[in-house]
Ligand code: AMP
């Protein structure tokens with residue numbers, strides 16, 4: 001019996017500084033970790049018990065199977081797997097079961113090797129801090145869920161199947177997300193990149209993506225002034241990206257999210273642009289959203305802020321048609337052909353001629369002649385002020 005009371009002793013020698021102790025790892029995550037290489041038969045870890053606060057579980061891999069054993073805490077703080085066989089701390093418990101391993105069905109040969117986090121910084125949070133609520137939608141990389149962070153903060157959680165993305169792509173895009181901060185850009189809150197699946201946690205935009213919102217009952221009731229306000233907000237966010245020399249590459253109404261009071265924010269500057277299915281056409285090794293894409297991108301993959309400006313013109317078309325798909329009835333191939341012959345989308349009946357003039361500026365064949373986002377923002381905001389004043 002040690003001189004120090006059990007409870008004190010346990011506190012002093014808890015597992016937190018040991019390589020076999022995995023804080024915040026759930027039973028399922030432990031299972032996945034132990035079954036993935038380089039872990040093998042005899043790999044083990046100790047984690048916090050999910051059902052009893054302050055207690056632990058031992059997870060051990062036995063060939064292709066993982067067994068879990070509850071480590072209970074007695075009234076005096078002693079830790080035990082078998083009643084009547086307590087230990088003052090996890091270390092001594094492990095020493096005992098390394099020798100008497102038959103009880104835990106598999107020898108404890110080596111501590112589990114953790115998956116290296118892709119993002120090693122303050123943005124990395126344990127998955128257990130998030131509770132999933134309802135599914136909001138699905139994109140190429142996986143599902144998006146509404147959730148709660150630490151039981152308090154409503155968030156959107158993008159659950160990414162790691163298999164769908166190269167680790168270096170993910171890391172690069174997360175770097176972008178982390179350093180960009182603007183009221184017209186979706187704010188990143190956290191990332192869970194230890195184990196699978198990856199979570200990308202952002203602020204929640206209750207009304208979902210702009211394309212669906214515009215075609216909803218609520219969206220269809222928006223006035224022209226509202227639509228101009230949306231156009232101004234997107235131009236504002238894009239002006240910020242322009243200042244940062246960041247090319248979005250996938251500007252479209254589906255990648256704008258809508259919150260309360262018609263706040264619009266740009267999303268997916270990075271992630272979803274890497275790949276998306278139906279509206280994306282494969283050409284070479286990359287997939288591009290042809291109907292939103294400038295001709296120089298469709299033909300030569302030369303992305304630039306000016307190709308974003310072209311896409312912005314298409315986004316204006318979506319906004320002023322309440323979410324219609326551009327070039328309806330035309331295939332991607334026909335669209336590319338028609339555009340190269342000088343065809344442009346016609347003015348939607350609900351679109352003021354002045355706004356249509358802006359669209360045509362964005363669709364200049366020569367990228368250099370297209371306006372900057374700064375100029376677009378100025379122009380649209382002045383139209384907004386004029387229409388607003390004429391109504392009041
Ligand atoms: P994505 O994979 O980014 O294309 O997202 C799929 C769908 O999930 C979007 O079209 C939105 O409807 C929804 N969604 C994505 N992010 C959020 C968010 N931050 N807030 C609310 N809904 C979102």
Query raised in the report: Any residue at all in region 214-222 that is under 21 Å from residue 135 (Cα atoms), within 16 Å of the ligand (Cβ to nearest atom) and touching a helix residue (DSSP H, G or I) at 6+ places or on another chain (Cβ under 9 Å)?
Result: yes
**Report entry** Number of positions in region 39-54 that are touching a residue at least 60 places away in the same chain (Cβ under 8 Å) and either within 16 Å of residue 21 (Cβ to Cβ) or not in a loop (DSSP other than H, G, I, E, B) (or both)
**Finding:** 4
Query raised in the report: Which ones in region 263-288 are touching a strand residue (DSSP E or B) at 6+ places or on another chain (Cβ under 8 Å) and either away from the ligand (no atom under 16 Å from the Cβ) or modelled with pLDDT of 85 or more (or both)?
Result: 264, 265, 266, 267, 281
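Look through 313, 323 and report the one residue that is at pLDDT 95 or above, crowded, with 18+ Cβ neighbours inside 10 Å and outside any loop (DSSP other than H, G, I, E, B). Spell out the reasoning first.
Working: 323 fails: outside any loop (DSSP other than H, G, I, E, B).
Only one candidate passes the filter, namely 313.
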Query raised in the report: In region 178-195, what residues are out of contact with any strand residue (DSSP E or B) (no Cβ under 6 Å at 6 or more places or on another chain), under 18 Å from residue 256 (Cβ atoms) and buried (at least 19 other Cβ atoms within 10 Å of the Cβ)?
Result: 180
Query raised in the report: With respect to residue 380, is the statement that it is assigned by TED's automatic domain parsing to the domain that holds residue 237, modelled with pLDDT of 95 or more and either farther than 25 Å from residue 215 by Cα or part of a helix (DSSP H, G or I) (or both) true?
Result: yes
Query - Criterion: modelled with pLDDT of 95 or more, surrounded by fewer than 23 Cβ atoms within 10 Å (Cβ to Cβ) and out of contact with any strand residue (DSSP E or B) (no Cβ under 7 Å at 6 or more places or on another chain) - qualifying residue of 244, 211 - result: 211
Requested in this report: For region 196-213, enumerate the residues that are more than 9 Å from the ligand (Cβ to nearest atom) and free of Cβ contacts under 8 Å to residues at least 60 places away in the same chain.
Outcome: 197
Query raised in the report: (1) farther than 22 Å from residue 22 by Cβ; (2) more than 9 Å from the ligand (Cβ to nearest atom); (3) modelled with pLDDT of 90 or more: which one isn't true of residue 144, the others all being true?
Result: (2)
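Condition check: in a helix (DSSP H, G or I) and closer than 27 Å to residue 193 by Cα. Does residue 67 satisfy that?
Values: in a helix (DSSP H, G or I): no; closer than 27 Å to residue 193 by Cα: yes.
The answer is no for residue 67.
This table checks each residue for (1) buried (at least 17 other Cβ atoms within 10 Å of the Cβ); (2) modelled with pLDDT under 90; (3) touching a helix residue (DSSP H, G or I) at 6+ places or on another chain (Cβ under 8 Å); (4) not assigned by TED's automatic domain parsing to the domain that holds residue 36.
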| site | (1), (2), (3), (4) |
| --- | --- |
| 131 | no, no, no, yes |
| 137 | no, no, no, yes |
| 160 | yes, yes, yes, yes |
| 164 | no, yes, no, yes |
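Taking into account only those residues within region 242-259 that are over 16 Å from the mean Cα position of the chain (by Cα) and under 12 Å from residue 210 (Cα atoms), which is farthest from the ligand (Cβ to nearest atom)?
Applying the first criterion (over 16 Å from the mean Cα position of the chain (by Cα)) to region 242-259 yields 242-247, 249, 251-253, 258-259.
With under 12 Å from residue 210 (Cα atoms) added as a condition, the list becomes 251-253, 258-259.
Details: 251: 13, 252: 10, 253: 10, 258: 8, 259: 8 Å.
So the residue we want is 251.
The values are calculated or read from the model by the stated rules, or taken from the named source; none is laboratory data. Nothing here was measured: the structure is a model prediction, and the numbers come from that model. Cβ coordinates were reconstructed from backbone atoms using ideal geometry, including for glycine residues, and neighbour counts include every protein chain displayed.
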